[in-house]
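Inspection log for the structure reproduced underneath, given as structure tokens.
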2 protein chains.
Amino acid sequence: MTTNYTAPLADIRFDLFDLLEVEKLFARLPGCGELTRETIDAVLDEAAKFSEAVLAPLNEVGDRQGCTFDRTSAEVTTPKGFKRAYEQYVEGGWAGLTAPEAAGGQGLPETVGAPVKEMIDSANLAWGTYPLLSHGATEALRVHGEDWQKEAFLKPIVSGEWTGTMCLTEAHCGTDLGLLKTRAEPNEDGSHAITGTKIFITAGEHDFTENIVHLVLARLPDAPPGVKGISLFIVPKMRVGRDGAMGGRNAVRCGGIEHKMGLKGSATCVINFDGAQGWLIGEANRGLHAMFTMMNTARLAVGLQGLAVAERAYQNALSYARERLQMRALSGAKFPAQPADPLIVHGDIRRMLLTQKSLIEGGRALGLYAATLVDIQHRSEDPAEATRAEALVSFLTPIIKAMLTENANECASLALQIYGGHGYIADNGMEQYARDARITSIYEGTTQIQALDLLGRKIMQQRGEGLQLFLEQLGAFCAQHANDESLSEFIPELGTLAKEWMEVTQTLGKRAVANPDEIGAAAVDYLMYSGYIALADAWARSVAAADASGQSEDFKQAKRLTARFYFARLLPRTRAHLAAMQAGADSLFAMPDALFG
Amino acid sequence: MTTNYTAPLADIRFDLFDLLEVEKLFARLPGCGELTRETIDAVLDEAAKFSEAVLAPLNEVGDRQGCTFDRTSAEVTTPKGFKRAYEQYVEGGWAGLTAPEAAGGQGLPETVGAPVKEMIDSANLAWGTYPLLSHGATEALRVHGEDWQKEAFLKPIVSGEWTGTMCLTEAHCGTDLGLLKTRAEPNEDGSHAITGTKIFITAGEHDFTENIVHLVLARLPDAPPGVKGISLFIVPKMRVGRDGAMGGRNAVRCGGIEHKMGLKGSATCVINFDGAQGWLIGEANRGLHAMFTMMNTARLAVGLQGLAVAERAYQNALSYARERLQMRALSGAKFPAQPADPLIVHGDIRRMLLTQKSLIEGGRALGLYAATLVDIQHRSEDPAEATRAEALVSFLTPIIKAMLTENANECASLALQIYGGHGYIADNGMEQYARDARITSIYEGTTQIQALDLLGRKIMQQRGEGLQLFLEQLGAFCAQHANDESLSEFIPELGTLAKEWMEVTQTLGKRAVANPDEIGAAAVDYLMYSGYIALADAWARSVAAADASGQSEDFKQAKRLTARFYFARLLPRTRAHLAAMQAGADSLFAMPDALFG
């Protein structure tokens, strides 16, 4: 039994056109002015078709077959149908959707790219990792590449002829890149000989394209130790000259693929570099800085992955809840002519469904809002506006990455639970979502790393600039609707929470000055607390936007009732996170290490 | 890389001898009086050895190989080593550990059986399902079997020569057994011809033993519809006469095994009965009643499964947190001579570890307390005490089943998270725990069913008798320690929560009278809320018991600091659950079904 997927176009369109008013936004952003609603609608429609018809049917086979590795040839074969789907993706012009026109892309804003990406990932999370990694490489090459590098490497990636990867992790270091050991020795022709072993390289080897462009972190001779001695190199699988001509095999070889909990259609590779020819990109010893260029986009993209897998799991759980007959409603039979009532009559089934619906739609509104900020940051002609957008998106990125992926785990698990014992059976497809979702809160920086990024860097080091901007907007929204009867069930609570958010941030800040361990002790609870308030903001705005829109009364009612559920039943989780973070570092550090077990 | 397991004997012994004072208890329970501490220690030591040395090494292979089904012979082959381990289990006399002596068992109390079971399940959750199902069948035969049935069926199960199953679920009904269709037609010899298909039959077919005794729910001709027309039958795989002699094959055939998310070493079977010879056990049309006899024990056993898998995941996460070097402590390098500090210096790693530790040890204390209640219920010579114990355990059973298994999912996920990307890789073993744990909150009644049992039956129908008894004990404990300086950090809060628990129960009760849907709307939040308070009670008692014991200062300190963590950082989750359940049915039922998606 293959599960179904229908692209949630109505909600995506509501977010774009009613909530975020992207038509107004694009009208004033350079390069977006000609982007009409009709064009955007057409892109979304086509992406929906491609996702539903081509990618979604390959989701199950991707999990069952997984990727296979041939030890002799060191080649990876992707699941049946994956390569053909990639060809269709390239033929459809999707590879360069948001890439710069100068490199052959279509130059569409990220705000359009994001929902396309969501649909692709809902349809097939594993397949979606191949283009995702190309997107990251595109960013790095676009920003840091020399002209010849853009010609030689960026253009074939944007066209989809080649794909890209990011090679950071080594066996002894993932989070702690300062420990990495891969070496880069200068060659006489200006290139470098790269030697080392990278692990967990998503899409590191596959059968989609003839060439794969690895972006590899390595150390130059005499590089300073730690993170300040890391440089970034372009290391293609097939050698590429400065003239862009592809030569023979480079000394880059896949050493194996990982057997994983899920995401089995995505090849997670060990990649061995054995004196491989590589080209320095960006400044020497500033490789981590160059990597960080991609980080915000990549982290937002993983947040969208979480949203995407939750959406598909929810759709199937909802169908099952409507079809599966089991027990009678506690308040009396709702469908007396049938042998039992459908699951959806039961209170806790509804709680599980509404938990998913509210986290997904709230997460989508927040995620797409962040996408508009990326576009403003990169395209606005007003430097102050661009800087402001950058601060906001930089603040929201760890929240979106961590919370939407933690939510994905919760939602996929609830969706499975609705199926009961049938959810645990592979044939029904629900357990795949739970397994696939689980990686999203780990890779591209774990929830723990996101939380340290938020509280340690974005709050402490940057003096909470992003939070202040976010709260200013929130305050303006509350002020604007202060006398709006129809929002009176949301606005006062939102305002109270905003005030509390600032206060607890200041309290934590003071504590952290006295003891830096206070940051780590509070970070994850602080992030989740922040996330729930950010989603509450998204929900209040969604209700306001729906009411003001031309959407149907049903649509408006669904938004309002879902928001009401969220405020009543999920937002109180902030109480638990608040208490936990206020407990302070002593609650974690008083225990001597030896006494943990 | 196989993960490790060391039986947590120190904590088990603390719970039994210091917290629960089982020596005093056994001294006054019939049939337990000769059970000395030395005997119990010896049983625990042997169980630890068997679990660590025989079962634990088979955990990984069980997951990798899974069970295989031969379509031609309809036979199931268990993973390599499973059958030999079962032989050793039988040789070691474990099969009849808690079974009645009259049936050839050793008659040990459940309070000793429970930690043995925990160790077996930690070592190998999938393997442990085979004896678990025998335990359930033993209970049904012991209580409801006629003398000849006990001779013919119970004795070979108790000796381990045969195993047992429980056949409830059919494709269209799991929770809603009233819908079941399997038929039982009377034969002339007093037996019945059983016809129907059962699914999700754990240990339904395997290669451990020559015979398998199925306990099957079916309908007699003219049986009333619904749950009042269900009878229970003994249907052996190999026919067995009234004289106990084994004959040829019965018309019972395995139709296939399920491919599942986890628990792959446990055969989950489709069992086809095609006019199979079966024997009515207990009264006609009272089969569900007979099944409920086993239910409390089976549900407590699944709660222990949750505890068990969490314990092993925690042990490995803790080892990894001590060994894996990554980043420096925020407050400065703790191991400057090493290239980085171990994970355990980081605040959120400690939070994740202490979350696991406090949920596991608190859960163990609560679970073993329930086991003492089962023994008192079944063995006490004081009818009032037995009745009281029954009410208490009946109240605690859904809490333990649901909460310890929900905790298992949380703990296994946190343990995986501590491994970072390496946790997602099959070779490292952590993802197996997450997959295995996931079934525990589904089978033997989902968390939703446990919650309805708690709030609908144990609170509403039984007027909260169990809760009142629990709160009386809690109140007595608080009163006893009211002036105990060393417990002043726990007692007042515990007392406040107990009062609130009673109040919110009364409020929900009133609401539910007006609208039965209020029960379903609040049930899961009410159960989790209750569970967190029950664990707080267990933690406060654990600190008091540790302080009063001859345990080491380190042990006492570890208990106190873990309890402090629990009260500060996990107990506040009651705030979120309280708010959610107080939101009422309208928060779930106002949304029209059509607007969910």
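Ignore the peptide's own chain and count Cβ atoms of other chains within 10 Å of each Cβ in B:437-444; give me the average, rounded.
Mean partner-chain Cβ count within 10 Å for B:437-444: 3.
Residues A:Met166, A:Met528, A:Met119, ranked from the fewest to the most other C-beta atoms within 10 Å, line up as A:Met528, A:Met166, A:Met119.
Across the stretch A:151-165, the residues whose backbone nitrogen lies under 20 Å from the label position 7 Å along the beta-carbon direction of A:Asp243 are A:151-156. Note on A:Glu385 and B:Glu161: the model spin-label points, each 7 Å out from Cα along the C-beta direction, lie 8.6 nm apart. Oblate is the label for the stretch B:415-502. Its Cα gyration tensor axes, ordered a ≥ b ≥ c, give a/c of at least 1.5 and b/c at or above a/b.
Placing a label point 7 Å from the Cα of B:Asp484 along the Cα-to-Cβ line, the residues of the stretch B:349-367 whose backbone N sits under 17 Å from it are B:362, B:365-366. Do any of A:Lys237/A:Lys264; B:Lys80/B:Lys357; A:Lys198/A:Lys228 go past 27 Å between their Cα atoms, and which? Beyond 27 Å between Cα atoms: B:Lys80/B:Lys357. A simple spin-label model places the labels of A:Ala27 and A:Leu9 2.5 nm from each other, with each point 7 Å out along Cα-to-Cβ. For chain B, the longest principal axis of the alpha carbon atoms and the long axis of helix B:465-480 meet at an angle near 30°. Using Cβ point charges alone (K and R +1, D and E -1), the dipole size of the stretch A:98-237 about the Cα centre works out to roughly 340 debye. Each of B:Ser159, B:Ser380 was scored by other Cβ atoms within 10 Å of its Cβ. Listed from fewest to most, they are B:Ser159, B:Ser380. Ascending distances from the A:Phe292 label point to its copies in the other chains, with the point 7 Å along the Cα-to-beta-carbon line: 6.4 nm. Residues in the stretch A:495-512 carry Karplus couplings, in order, of x, 4, 5, 4, 5, 4, 4, 5, 5, 5, 5, 5, 4, 5, x, 5, 4, 5 Hz; the curve used is 6.51 cos²θ - 1.76 cosθ + 1.60 with θ = phi - 60°, and Gly or Pro positions show x. Annotation: aspartates and glutamates with alpha-carbon distance below 18 angstrom to A:Lys24 (same-chain offsets under eight excluded): A:Asp15, A:Glu34, A:Glu38, A:Asp41, A:Glu110, A:Asp375, A:Glu381, A:Asp382, A:Glu385.
Averaged over peptide B:413-422, the number of partner chain Cβ atoms lying within 10 Å of each residue's Cβ comes to 5. Adding -39500 (n - 2.57) for every DSSP H run of four residues or longer, then dividing by how many residues chain B holds, sets the calculated 222 nm ellipticity at -16500 deg cm²/dmol.
Between copies, the label points of A:Ala384, set 7 Å from Cα on the Cα→Cβ line, lie 8.1 nm apart, reported in increasing order to one decimal in nanometres.
With contacts taken as Cα pairs under 8 Å and at least 6 residues apart, the stretch B:449-592 reaches a relative contact order of 29 percent.
With one equal scatterer per alpha carbon and no solvent term, the Debye-computed log10 I(q)/I(0) for chain A at 0.12 1/Å reads -1.29. Residues B:Val143, A:Val43, A:Val252, ranked from the fewest to the most other C-beta atoms within 10 Å, line up as B:Val143, A:Val43, A:Val252. The lysine pair count for the stretch B:449-592, using Cα distances under 30 Å and pairs eight or more places apart or on different chains, is 5. Per the rotation superposing chains B and A, the chain B residue found at the smallest beta carbon distance from the axis is B:Arg575, 2, distance in Å. Relative to the longest principal axis of the Cα atoms of chain A, the long axis of helix A:287-323 makes an angle of roughly 40 degrees. Among the GluC sites (Glu not before Pro) within the stretch A:19-58, those in coil by DSSP and having at most 11 neighbouring Cβ atoms inside 10 Å are A:Glu34. Label-point spacing at A:Val227 relative to the other copies reads 5.8 nm, in ascending order, each point sitting 7 Å out from Cα along Cα→Cβ.
For chain A, the longest principal axis of the C-alpha atoms and the axis of helix A:383-418 are separated by about 70°.
Each Lys or Arg adds one and each Asp or Glu subtracts one; over the other residues with Cβ under 14 Å from the Cβ of B:Ala340, this totals +1.
A simple charge model with +1 on the Cβ of Lys and Arg, -1 on the Cβ of Asp and Glu and nothing else charged puts the dipole of chain A at about 1180 debye relative to its Cα centre.
Every number here is computed from the coordinates shown, using simple stated rules; none is lab data. These numbers come from a predicted model, not from an experiment. Because the Cβ atoms are built from the backbone with ideal geometry, glycine has one as well, and the counts that use them run over all protein chains shown.
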